[in-house]
Amino acid sequence: MLEIAHVTAGYSRRRDQDHANVVEDVTMRIEPGEIVGLVGESGCGKTTLARVVTGLHRPSAGVVRFTGVDVHSLRGRALRAHRRHVQMVFQDPYLTLSPRQTVRQALVEPLRIHRIGDSRSRSARVDELLDLVGLDRRVGTRLPRQLSGGQQQRVAIARALALRPRLLVCDEPVTALDVSVQAKILNLLCDLRDRLGLACLFISHDLAVVRQLANRIAVMRDGRIVEQGPTLEITTDPCHPYTRELLAATPTIDTPVRHTAGSAARGA
Amino acid sequence: MNAGHRRRGIPARLRSTLVALPLLGFAIVGLLAPVLAPADPTANDLAASLLPPSAEHLLGTDQLGRDQLSRLLHGARISLAVTAAVLAISLTVGVVTGTIAGYLGGPVDRVISRVIDMAVSLPGMLVALAVIGVRGPGIENLVIAVSLWAWAPYARIARARVAGLRGSPHLDALRLLGAGPGRIIGRHLLPPALAPCLVYASTDVGAIVLGVATLSFLGLGIPPPDPEWGQLLIEGRPHLASAWWLAYPPGIAITAVVFASNLLGERLATGDERPSILRWVLPAGLRAPAPRRSPARPPTTVRPTATSATSATSATSGGDGTLLRVRDLSVSYPHRDGRRRVVADVCYEVPRGHILAVVGETGSGKTTSVLAPFGLLDPTALVIGSATLEAGTHRRQLVGLTPPQRRQINGRHVGVVFQDSLAALNPLRTIGAHVDEAVRNTGRGGRRATTRRVTEELLRLVGLPDPVGIAREFPHQLSGGMRQRAQLAIALAGEPELLVADEPTSALDVTVQAQLLDLLARLRDELGMAMIVVSHDLAVVTRLADTVAVMYAGRIVEAGPLTTMVENPVHPYTRGLLDAVPRPGTAPGTRFRTMPGRSGTGPDDADGCAFAPRCPIAVPECAQEQPTLLALAPGHRSACPRQSGNATLVVGAAPERDGA
Amino acid sequence: MRAPERLRSAGGRVARWVVDTLGVLLALSAGTFALVLLARGDPAAMLAATRAGRPATPEQVEAVRAELGLDAPAPLRYLRWLADAVTGDFGLSLRTNTPIGPEIADRIGVTLGLVAGAAVLALVLGVLVGVAGAVFERGLLRGVLRTGALLATSVPAFWLSYLLVLVLALRLGMVPTSGMAGPATWVMPLAVLGLPAAGALSRVVAVTLREALDRPYVLAALARGSRPASIVLRDGLPNAAGPILSVAGFTVGMLLVGTVVVEQIFGWPGLGAYFVKAAAARDIPALQASALVLGGGFILANRLADVAQVLVDPRSRRDSGTRRRLPRPRWDRPGRRGTGETTAHPRTGPT
């Protein structure tokens, strides 16, 4: 469904930066109903890749095709139509919501922009969305700052779903949340995939989270995908030394043996 | 305008309104001047010239026998008219220009910004004087002259705000939803740009009133006979010595309006001033008296007096190897009318050479309960309870120490590593300067070269390559991992017995995190140092801790040896927390077991167990009585009365709600 | 390898600062010149009238117009005016028919002396009061300082002068009411000019210092056992210095502008009084000249403060852009980046 072919992207001449934050020759595919995890450390270019995929950032080389159409060749009406298919969820939900809009207003906004339905059908759709992401309908009248972080992220997800997209790009959607809230949001994403057949590009620095969620994993380092494959294959039999290092460094609670110096970093 | 609990009766919002009252009076008087004024402000009556205040002329008359009060009221009208006109023009021009520049960016922004910069860097008064100098006085020219420079700050503020929002995820999300530029600017950029401009306008009112009066005073503003305030003053000047009523009222009027405007602007811009952290270091005499405690919920323990502290000490100490012993520690902050506890009745101890991990979610009070014994909280915090440290050879009560006494403990016996390494280091000082200071504070320094040698040794100890070079670097020149090591070097300067690390690895990449955890483990082994590590991540502390304490809503709910806590937890919250942690080897797509509901907030919000509303094994009694920690095994305590080990957790299968 | 780079960037910055400053000054001069275009009335007629001592005939006006070169197009006149102004030649006053340049040279000393005195007063008082306001917690002293400072910024200078005249000169007879003769006459002008500036500066010092003392690094300093004096001097003040310097520059600039009022009130023969006289008489050449000098001084004071601000902050120095990191594992060295890895491990999922 989504095809990223040899994409290279960067920012125009930023001073004092080597090739951090730049994507180099990335090739990936995402199929319908599939969650693909993209793992990498800060500054490896995963957010830039997300912006390229959603069309917010123009790649300097390569193409992104969504159902066969080059995303970055679209203009005007065609672009607006395409936008409905690919939506994004960001790391800090509070920053992505307008502080002045109530939850209902935020959820109606995309319907208004695309002139979908009348006020009654919009209201029904908002109720539907609130149900879908597991929010109480009474939450609708609140402002974002009156919600918990988990609720805010649910609102952000609901808004992204308002236009019935086929692909959801999630950029570190649980990083700002507590572990117990994180678990709920991850469950929600799994449910949405199963129920709506939604495809998802799940970007995270946390291999532990990704490996429990994703069907496939791509490991990114310095702008390149160093390794990608089915989750179990990557986590049990990594080929690339960086993947091995990541796996060894990722904390787990299955090894409650007292830690001694030297065993964590050089696990592989 | 001090801390919230000083003037309890008046909420901050009301106080802002009070401050704005003179401005409101100014506006009303200005609007209603023709109605309010007892006489025609321009009607001469030479027979009644220079009369002192009387029942007929409340503020006397001037040299032409005009009623001074009427002239004053009409003066407000003129000031108000000019101010309103200038504000309307400059706000509109400024906000529109600034928003356009900020939204478009690129070359347009560069050109407009340049113009704004120049306009801001011109002296406003001079511009106004020059414009009036060539165009002549009069209300119209006055408005033009003042607007010419008054718009620029608004443009700058609006531009900065919009430019800041331009790259924000909020706008990205809107673009992805298909919103066009018109909708984005009109609905999502103009309103936030306008808000700070209005705050600035509250100060600007004063500046404009003052500017207009000054111009009139110089004979370049409103020409006579119109009664502008500055004009009134210059007309009264020859009679300064004899007719005081001509000199005081207009000056007081101007000062009052400008003062109110300045005060309001300062309040809106900075908010209510909080007491500073420095309060901790001021001599005790300069500190405010201890705020009263909440009458509603009196804390269960009292602040230890000198005697109770020593008696507690003698009862518990005795060289049992316990380095730090915390008993019934509660921390409260001022809240509406009273105080609100954020940490309640916390007890923990750290034996020498052991690592205690304190785990909990946001707002559970984990950091507060760990930093409280060392006086490293916000100054509005009230700490009660007992915390004793075996510092060197004798045991010291830490709660209630004076700042000089604290300096004997902090840095020498206890080192602290904070979460945000960039914020915890002074950006203007080199790493070496920080460590040097720490070394000198503990008395290990000497001559500059000696101190620096110790510093370099410390930097080497925490695994920083090239200590000589690193010492010369500024904090922002190092990566997060290196900065965290630098903080560690500072903390180790006094060869402390205890290291307190607040989320030491949270901001770091996993590979760097693993290295740092390695380092901490190594340091404990090599230096025999005890540690308290605060973390939100259970998985992280399994790499380090001997003992784990789990906090929920300001209380410790379970504490015990690491293995027990991970393999055999008895408190349902601990189990829930463990269930939420991703496990290796789980098939992709496996759902997490989750706890329903939201995190509890404060220890006193519920009568009973704070976790009861979310607890799968709760019984009605749970919501009534506050559970206490019960010992289950040596070192293992839990605050769940239903734990006995047989109660099985029923995991809700229904889709959970995160609603109200 | 780093030294020349730093030097080059420093040189570049100085050059850019100079160019920027010249640009702003040029804009000021253009704005000043443009005053002519805004003017009501004919300067030539005014000068001709001054010379003749009565309303001039059309012939006289034309003669003056030709003499002043007012027939030339505006840009050309601007260039001529600017070229003359740079050499200190500002033409003839319409009011007195005397050269303006020497007049300004005569008066500028008075103004600079007044500004220098008031600047010392404002900076010393402002910083002291500000630091006290930031460090002292609550209490009467803090409230008095804060209210006093706000009041000082709110009182109109001209009214403050009334109060001082009433008390110091008329009631107590300590100083003369106006004029410039002897040290006693300096008291009131310095107070009227310096006190409001001190008040404004002290608020900025108090607020920024307070902010600087509210940062986590102060907590960290407490955690390592640093003394309060050391925290204020090493952590607080340096971090507050940037905004303080910037406002100090602005304050000095505003003092220069403030002389316009103060010299007028106390009858001092300075540039400010000259400016007001010119404005009142619509003596455009004199107005332009004094606006250019006063405005130029204001801009220079601000620009110099910007330089000082950059000097105190290591983060704004260009050479500090690169970050040190811990050495990476061997396979990660730049010599062999993970470029070939995608093809080396071509594990693409189900397609």
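The values are calculated or read from the model by the stated rules, or taken from the named source; none is laboratory data. Worth saying up front: this structure is predicted, and the values here are computed from it rather than measured. All Cβ positions, glycine included, derive from the backbone under ideal geometry; neighbour counts span all protein chains shown. What goes into the accessible areas is simple: the full protein's heavy atoms, side chains included, and nothing from ligands, DNA or RNA. Shrake-Rupley method; radii C 1.70, N 1.55, O 1.52, S 1.80 Å.
What to note about this one:
- Spatially, region A:118-184 and region C:17-50 are offset by 60 Å when compared through their Cα centroids.
- Computed [θ] at 222 nm, deg cm²/dmol, chain C (DSSP H ≥ 4; -39,500 (n - 2.57); rounded to nearest 500): -23000 deg cm²/dmol
- Ellipsoid fit via the Cα gyration tensor, chain B: semi-axes of 62, 30, 29 Å, each the root of five times an eigenvalue, largest first.
- Which of B:536, A:240 is most accessible, then next, and so on - probe 1.4 Å: B:536, A:240
- Accessible carbon and sulfur surface of region B:28-143 relative to its total accessible area, %, 1.4 Å: 71
- Contact order, relative form, for region C:109-317: 26 percent (alpha carbon pairs under 8 Å, 6 or more residues apart, mean separation divided by residue count).
- For the peptides C:299-310, B:94-105, the ranking by mean Cβ contacts within 10 Å, running from highest to lowest, is B:94-105, C:299-310.
- Net charge, residue C:24 excluded, C-beta distance under 9 Å - Lys, Arg +1, Asp, Glu -1: -1
- For region A:29-45, accessible area lost to neighbouring protein chains reaches 50 Å² or more, against the chain alone with a 1.4 Å probe, at A:41.
- Sorting B:333, A:11 by solvent-accessible area of protein heavy atoms yields A:11, B:333, largest first, with a 1.4 Å probe.
- Span-like helix ranges in chain C, DSSP H, alpha carbon extent 20 angstrom or more, Kyte mean at least -1.0: C:2-38, C:100-135, C:139-154, C:187-212, C:237-266, C:284-312
- Chain A packed on chain C takes about 1800 Å² of accessible surface away from a 1.4 Å probe, both sides summed.
- Along each principal axis, Cα extent of region A:1-104, largest first, Å: 43, 34, 29
- Å² of accessible area per residue within region B:315-391, as computed with a 1.4 Å probe and no ligands counted: 29
- Within the assembled protein chains, the solvent-accessible surface assigned to residue A:239 is about 50 Å², based on a 1.4 Å probe.
- Taking a point 7 Å from the Cα of residue C:79 along the Cα-to-Cβ direction, the residues of region C:87-120 with backbone N closer than 20 Å to it are C:87-91.
- Within chain B, helices built from complete DSSP H runs that reach 24 Å or longer along their own axis (Cα positions) and carry a mean Kyte-Doolittle hydropathy of 0.5 or higher are B:12-36, B:68-104, B:139-166, B:190-217, B:244-270.
- Taking all Cα pairs closer than 8 Å and separated by 6 or more residues, the relative contact order of chain C comes to 21 percent.
- Each Lys or Arg adds one and each Asp or Glu takes one away; over the other residues whose Cβ falls under 12 Å from the Cβ of residue B:637, this sums to -1.
- Mean projected area (nm²) of the alpha-carbon convex hull when region C:186-229 is viewed from all directions: 4.0
- Accessible area expressed per residue, region C:109-317, with surrounding protein chains retained (probe 1.4 Å, Å²): 34
- Label-point separation, residue A:31 to residue C:230 (7 Å along Cα→Cβ), nm: 6.5
- Shape descriptor for region B:58-161: Rg over Rh equals 1.17 (Cα atoms; Rh from the Kirkwood inverse mean 1/r).
- Look at the stretch B:207-218: the mean tally of other chain Cβ atoms within 10 Å of its residues' Cβ atoms is 3.
- Across q = 0.08 Å⁻¹, the protein assembly as shown modelled as identical point scatterers on its alpha-carbon atoms has Debye log10 I(q)/I(0) values of -1.09, in the order of the q list.
- MRE, 222 nm, helices only [DSSP H, n ≥ 4, -39500 (n - 2.57), over chain B, to nearest 500]: -14500 deg cm²/dmol
- Residues of region A:157-181 whose accessible area, computed with a 1.4 Å probe over protein heavy atoms, drops by at least 30 Å² once all protein chains are present relative to their chain alone are A:159, A:178, A:179, A:180.
- Note on chain A: Cα Rg divided by 2.2 N^0.38 Å, N the number of residues, gives 1.05.
- Spread of Cα-to-Cα distances over 10 Å intervals beginning at zero, given as percent, for region B:46-87: 31, 37, 21, 11, 0
- List B:551, A:1, ordered by accessible area with a 1.4 Å probe, largest first: A:1, B:551
- All alpha carbon pair distances within region A:100-254 were sorted into 5 Å bins beginning at 0; the resulting P(r) in whole percents reads 2, 8, 17, 18, 17, 13, 9, 7, 5, 3, 1, 0.
- For region B:57-203, relative contact order (Cα pairs under 8 Å, six or more residues apart, normalised by length) works out to 30 percent.
- Neighbouring Cβ atoms from other chains, within 10 Å of the Cβ of residues in A:236-247, number 3 on average.
- Carbon and sulfur %, accessible surface of chain C computed with the full protein complex present, 1.4 Å: 66
- Modelled spin labels at residue A:196 and residue A:123, positioned 7 Å past Cα toward Cβ, are 2.3 nm from each other.
- Between residue C:147 and residue C:17, the C-beta separation translates, for a Förster distance of 60 Å, into a calculated FRET efficiency of about 0.95.
- Residue C:307 paired with residue B:55, simple spin-label distance in nm, labels 7 Å along Cα-to-beta-carbon: 6.9
- Overall dimensions of region C:109-317 by Cα: Rg and Dmax, Å: 19.6, 66
- Cβ-placed point charges (K, R +1; D, E -1), dipole of chain A about Cα centre in debye, nearest 20: 1400
- Shielded by partner chains, region B:597-611 residues - at least 50 Å² of accessible area, 1.4 Å probe, vs chain alone: B:598
- Cα pair distances of region B:166-217 binned at 5 Å [whole percent]: 5, 17, 18, 13, 10, 9, 9, 8, 7, 4, 2, 0
- Note on residue C:277: accessible area approximately 90 square angstrom, rounded to 10, probe 1.4 Å, nucleic acids and ligands left out.
- Förster-model FRET efficiency, 22 Å R0, residue C:181 and residue C:105, C-beta, rounded to 0.05: 0.55
- Using a probe of 1.4 Å on the protein chains alone, the accessible area found for residue B:474 is around 40 Å².
- Stokes-Einstein D (µm²/s) once Rh is taken as the Kirkwood radius of chain C over alpha-carbon pairs, at 37 °C in 0.692 mPa s: 132
- Using alpha carbons only, the radius of gyration of region C:1-147 set against its Kirkwood radius gives Rg/Rh = 1.21.
- Whole-number Å³ per residue for the convex hull built on Cα positions in region C:107-158: 70
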